[in-house]
Amino acid sequence: MAFNFDQWVDRSHSDSVKWDKYRGRDIIPLWVADSDFQSPPAVIEALRQRVAHGVFGYSHPSHDLVKVFTRRMVECYGWHIKPEWIIFLPGLVCGLNLCVRAFSAEGEATLAPTPIYPPFRKAARFAGRRQLPVPLALVGQRWLLDLPAVSQRLEGDEKLLLLCNPQNPGGTAYRREELLQHHDFARRHDWVVCSDEIHCDLLLEPGAQHIPFATLNADAAQRSITLMSPSKTFNLAGLGASMAIIPNDALRKKLQRARSGIVPEVDLLALVAAQAAYQHGQAWLDAQLIYLRANRDLVFNRINAMPGLRLHPVEASYLAWIDCSELPVDNPHAFFEQAGVGLSAGLDFGDRRFVRLNFGCRRALLEEALSRMAQACAALSSR
């Protein structure tokens, strides 16, 4: 079956967070991380059938959803998870916040990469926890977590290490030896590890492999919470179905207690969409990856030809982390907005010298946005 990712789907009147931000302005929105692609036909059809049923009472994850998800973990990663390890959540961000609250107490601290997806930083702030930023370092064109850099800054009250694999921003798909270094650091300090793996299916670099942190060894499994979701993979972010996979019974109970009475169960339609996506969406995903790789290559070549900008290879996700440090402007985010392109501000991630570009969109729109950026950079360099 052919899938048309060049199809124009008008989101401007769909209550879209992404598109409403610039409503009425000639600014192309390439910021928040949802794509502009229609979800797999199997998902749309499953939702249509469930809506036609007409009854939307309280629901729970079906046996078939649990079965298809656990089978996917075996097929993709050789990871044999037990159904009782899974806690379904209405979104991955609430999982981050629950982990901070469940696995650190007042007066204790967390660690997180920097720059990082903003909810990592907000989760600590919302819970009143100190957070120690762990810098990302550029090593051989790849953004890697530099845990030894924080060794002298540890105060002994750190309890939770937050990881992001693939890394957002930066697009690094961590290799086994790199993850083993993260695990060794966590083991030596006896930290719980929360690993956000929401972009795990969006591998763009040939030969790249996603390795769940919990699969490294028995100790990694027993100190980890793995957060996954079909939302980025199949463009289901507005439906909100995510999974926390926790092999350790004590850790699992802690998360359940932190969630009780506060975080609701997953919406019925989100569960239906997740099952259909995992069960029947692989052909669509394969086609999407081909399209995204071409978009990634286009962005890489065009950005690196613009004066003042630099982009390192993106191994995974549809998010480009663009270095604007040589661009002679104080606020690169505002500069590109004025040029008609709405990007994510690097300051929100912890580094104002960068912007993040979402290339999960039809190619014609992406080409127009890149042309606007190129014209703005060229005009700036000619002054």
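Tabulated data
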{"quantity": "Nitroxide proxy distance, nm - points 7 Å out along Cα→Cβ at VAL55 and LYS82", "calculated": "3.4 nm"}
{"quantity": "Surface share of carbon and sulfur [accessible, 1.4 angstrom probe, percent] for segment 224-341", "calculated": "50 percent"}
{"quantity": "Probe 1.4 Å, accessible area per residue of segment 174-229, Å²", "calculated": "36 Å²"}
{"quantity": "Accessible heavy-atom area order of ASP348, ASP219, highest first, probe of 1.4 Å", "calculated": "ASP348, ASP219"}
{"quantity": "Sequence-distant aspartates and glutamates (8 or more away, or on other chains) whose Cα lies within less than 20 Å of LYS18", "calculated": "ASP6, ASP10, ASP26, ASP34, ASP36, GLU337, ASP348, GLU367, GLU368"}
{"quantity": "Inter-part distance where segment 20-46 and segment 119-172 are each reduced to a Cα centre, Å", "calculated": "29 Å"}
{"quantity": "Once the Cα gyration tensor of segment 55-142 is diagonalised, semi-axes √(5λ) in Å", "calculated": "31, 21, 12"}
{"quantity": "Environment charge of PRO90, counting only residues whose C-beta is closer than 9 Å and scoring Lys/Arg +1, Asp/Glu -1", "calculated": "-2"}
{"quantity": "In segment 68-142, the GluC sites (Glu not before Pro) that fall in loop regions by DSSP, at most 10 other Cβ within 10 Å", "calculated": "GLU106"}
{"quantity": "Percent of beta bridges antiparallel (DSSP, the chain, rounded to nearest 5)", "calculated": "50 percent"}
{"quantity": "Candidate lysines - alpha carbon under 23 Å from LYS253, same-chain residues fewer than 8 apart omitted", "calculated": "LYS67, LYS82, LYS159"}
{"quantity": "Residue of VAL150, VAL93, VAL193 that the Gaussian network model of the chain assigns the largest fluctuation, springs spanning Cα pairs under 10 Å", "calculated": "VAL150"}
{"quantity": "Within a Gaussian network of the chain (alpha carbon springs, distance under 10 Å), most fluctuating of PRO135, PRO83, PRO113", "calculated": "PRO83"}
{"quantity": "Under 13 Å, Cβ to Cβ, from ALA316 - net charge with Lys/Arg +1 and Asp/Glu -1", "calculated": "0"}
{"quantity": "Accessible-area composition of segment 1-154, carbon plus sulfur, in percent [1.4 Å probe]", "calculated": "54 percent"}
{"quantity": "Potential lengthening between ASP64 and ALA334 on full extension [0.36 nm per residue; Cα-Cα distance subtracted]", "calculated": "92.5 nm"}
{"quantity": "TYR77 accessible area, assembled protein chains, probe 1.4 Å, Å²", "calculated": "40 Å²"}
{"quantity": "Within segment 95-209, percent of DSSP bridges classed antiparallel, to nearest 5", "calculated": "20 percent"}
{"quantity": "Alpha-carbon Debye profile of the chain, log10 I(q)/I(0) at 0.08, 0.10, 0.13, 0.15 Å⁻¹", "calculated": "-0.41, -0.65, -1.12, -1.45"}
{"quantity": "Probe 1.4 Å - accessible area at TRP79, Å² to nearest ten", "calculated": "20 Å²"}
{"quantity": "Probe 1.4 Å, accessible area per residue of segment 22-120, Å²", "calculated": "47 Å²"}
{"quantity": "Within a Gaussian network of the chain (alpha carbon springs, distance under 10 Å), most fluctuating of CYS76, CYS200, CYS99", "calculated": "CYS76"}
{"quantity": "Computed helical MRE - 222 nm, the chain, DSSP H runs ≥ 4 contributing -39500 (n - 2.57), nearest 500", "calculated": "-12000 deg cm²/dmol"}
{"quantity": "Cα gyration tensor category, rounded, prolate or oblate, for segment 268-373 with a/c compared to 1.5", "calculated": "prolate"}
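The values are calculated or read from the model by the stated rules, or taken from the named source; none is laboratory data. This structure is a prediction, so every number in the text was calculated from the model and none was measured. Don't worry about glycine lacking a Cβ; one is built from the backbone with ideal geometry, like all the others, and counts go over all protein chains shown. When the accessible area is computed, the model is the full protein with side chains, heavy atoms only, and any ligands, DNA or RNA have been set aside. Shrake-Rupley method; radii C 1.70, N 1.55, O 1.52, S 1.80 Å.
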